[in-house]
Amino acid sequence: TGQHGRAADLYARAVALEPTSLLRLRLADALLESGRLDEAQRAYTAVVDNADAEPAARYGLGRLAVAAGDLATARTHFERAVALQPTFGAAHYALAQQLLQARVNLITLYARTGNVPASERHYRAVVDAGTQLAEAHHAFGLALVAARDVARAEPVLQEAVQANPLDAEAYN
């Protein structure tokens with residue numbers, strides 16, 4: 001029902017009665033969803049050394065790292081979760097999102113060095129993946145403007161505005 005704070009309190013009571021790894025993971029998840037990030041960190045860390053719980057704990061720690069903006073640490077946790085449990089779909093998805101964000105960042109970095117072909121390769125990869133399109137269109141459109149290729153930049157920036165109508169920079 002979306003009452004994560006209440007769920008966390010109930011899981012905490014359950015853990016006090018029966019401190020199993022599964023209950024500790026459920027508590028950590030509820031804490032994370034309710035925004036109690038420091039408590040969630042402690043709860044995931046408490047079970048990460050348990051072989052049965054480690055993949056889920058690593059995934060949770062990765063989500064916390066994303067929330068903190070520490071993408072390198074997040075990637076390490078997601079990679080470990082996938083290595084431990086190769087069928088862990090959510091961890092694979094989270095890792096893929098990390099890689100796509102890295103590609104979006106590379107669009108801008110290559111554009112700053114004047115390497116528009118490399119920038120475009122990363123742009124095409126993100127577009128082919130079908131996610132983070134607004135950011136990709138925005139970054140590549142600005143890369144084309146910086147390269148003074150306004151004719152190619154215009155439709156890309158129109159795509160950016162279509163994907164995110166609040167992107168004032170793309171409008172400009």
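The values are calculated or read from the model by the stated rules, or taken from the named source; none is laboratory data. Just so we're clear, the structure is a prediction, and the values are computed from it rather than from any experiment. Note that we place each Cβ from the backbone using ideal geometry, even for glycine, and neighbour counts take in every protein chain shown. SASA here: full protein model, heavy atoms, side chains in, ligands and nucleic acids out. Shrake-Rupley method; radii C 1.70, N 1.55, O 1.52, S 1.80 Å.
Tell me the mean residue ellipticity at 222 nm calculated for the chain from its helices only (DSSP H runs of n ≥ 4, each -39500 (n - 2.57), averaged over every residue, nearest 500).
The per-residue figure over the chain is -25500 deg cm²/dmol.
Let a ≥ b ≥ c be the square roots of the eigenvalues of the Cα gyration tensor of the stretch 1-143; is it rounded (a/c under 1.5), or, if not, prolate (a/b larger than b/c) or oblate?
It is prolate, given that a/c is not under 1.5 and a/b is the larger ratio.
Give me the accessible area per residue for the stretch 34-78, probe 1.4 Å, as a whole number in Å².
On a per-residue basis, 51 Å².
How much of the accessible area of the stretch 1-96, in percent, comes from carbon and sulfur atoms when a 1.4 Å probe is used?
So the carbon and sulfur contribution to the accessible surface is 53 percent.
Can you check what the net charge comes to around Ala67, using other residues whose Cβ is under 12 Å from the Cβ of Ala67 (Lys, Arg +1; Asp, Glu -1)?
-1
Packing-wise, with mean Cβ within 10 Å as the measure, how do 39-47, 127-135 rank, highest first?
Packing proxy ranking, top to bottom: 39-47, 127-135.
Relative contact order for the chain: what is it in percent, counting Cα pairs under 8 Å that are at least 6 residues apart?
Rounded, it is 11 percent for the chain.
How far apart, in nm, are the 7 Å Cα→Cβ label points at Ala129 and Ala163?
1.1
Can you work out the accessible area per residue across the stretch 80-127, with the rest of the protein chains kept in place, probe 1.4 Å, in square angstrom?
Per residue, the stretch 80-127 has 55 Å² of solvent-accessible surface.
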